[in-house]
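Data block below; observations after.
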Amino acid sequence: MRWYRSTPFQPVLPARVPADREWRAAPEPAVREREPWEIEDEAFDAATVLDDLAIAVDGPGEATAVLARYTVLRLALRAAAGTESGRSLLEERIAAAQYVARSGALDEAEREALAAVIRLAGRHPVAGLVEALADAGIAAATRGHVAGAFALHRACYTLALARGWTWAAAQAAAEIAALAEAGGGRWAVRRWRRRARVLERRAARDA
């Protein structure tokens with residue numbers, strides 16, 4: 001028995017196919033654009049903070065506040081990841097402290113919070129560090145620098161979760177949910193509220 005034809009195969013197509021039996025490719029699924037508060041990866045450490053430069057239009061002071069926030073958060077993230085240590089970590093600390101000192105736009109509460117982050121940043125984060133990040137995030141949000149606030153609270157959430165501080169992580173998630181809601185978010189609000197609830201229950205169970 002031969003499994004080939006001696007003449008080229010010519011398919012026979014129906015002249016007309018009923019509409020309810022048409023064979024069509026499934027439509028491509030719509031790709032939903034992520035809301036800003038859903039983005040948890042960055043091109044480089046603390047990059048999200050720099051998005052506030054777009055709204056820092058009230059003179060150079062506002063821009064210096066954004067840059068101070070950026071250098072401080074970059075220090076904390078790099079120190080915790082172990083990518084900066086020894087002399088290079090010391091240089092990062094000094095640079096961050098200089099940016100904070102030179103920014104006249106920072107209010108006293110945020111200046112103190114950022115100074116605490118600089119002092120406590122290290123390979124093994126302590127509880128005081130996540131508290132300082134949270135305080136800095138609240139201060140940035142009060143100023144209207146939403147990207148910086150989100151980045152600080154997200155770092156607080158990540159570091160607290162890694163250390164098993166579920167209550168601090170829950171609070172950070174709740175703060176991000178509030179930022180997303182104020183900014184008109186929908187999916188991000190659901191995501192961060194769900195995380196906050198799960199972590200609150202876990203913290204209560206472990207208490």
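The values are calculated or read from the model by the stated rules, or taken from the named source; none is laboratory data. The structure presented is a predicted model; accordingly, all values stated were derived computationally and were not measured. Glycine gets a Cβ as well: all are built from the backbone with ideal geometry, and neighbour counts include every protein chain shown. Please note that ligands, DNA and RNA were not included when accessible areas were found on the heavy atoms of the full protein model with its side chains. Shrake-Rupley method; radii C 1.70, N 1.55, O 1.52, S 1.80 Å.
Taking a point 7 Å out from the Cα of LEU53 in the direction of its Cβ, the residues of the range 143-173 whose backbone N falls within less than 15 Å of it are 147-148. Solvent exposure of the range 159-207 amounts to 59 Å² per residue of accessible area, where only protein heavy atoms count and the probe is 1.4 Å.
Accessible area per residue for the range 54-155, computed on protein heavy atoms with a 1.4 Å probe, is 43 Å².
Mean separation of Cα pairs under 8 Å and 6 or more residues apart, divided by the residue count, gives the range 58-207 a relative contact order of 17 percent. Among residues other than VAL146 with Cβ under 13 Å from its Cβ, the summed charge is -2 (Lys and Arg +1, Asp and Glu -1).
Of the residues THR64, GLY82, ALA101, the one whose Cα sits farthest towards the positive end of the charge dipole of the range 50-154 is GLY82 (charges of +1 on Lys and Arg Cβ, -1 on Asp and Glu Cβ, taken about the Cα centre). If you plug the beta carbon distance of ALA162 and GLU91 into 1/(1 + (r/R0)^6) with R0 = 25 Å, you get a FRET efficiency near 0.50. Note that the range 93-105 has calculated 3J(HN,Hα) couplings of 4, 4, 4, 5, 4, 5, 5, 5, 5, 7, 7, x, 7 Hz, one per residue in order, obtained from phi through the Karplus relation 6.51 cos²θ - 1.76 cosθ + 1.60 (θ = phi - 60°); glycine and proline are x.
Protection proxy ranking, highest mean first, for peptides 130-137, 99-106: 130-137, 99-106, where packing is the per-residue count of other beta-carbon atoms within 10 Å, averaged.
Remark: the range 125-141, residue by residue, has Karplus-estimated 3J(HN,Hα) of x, 9, 4, x, 5, 5, 5, 5, 4, 5, 4, 5, x, 5, 5, 5, 5 Hz, where x stands for each Gly or Pro and the curve is 6.51 cos²θ - 1.76 cosθ + 1.60 at θ = phi - 60°.
Relative to one another, the C-alpha centroids of the range 29-78 and the range 163-196 are positioned 17 Å apart.
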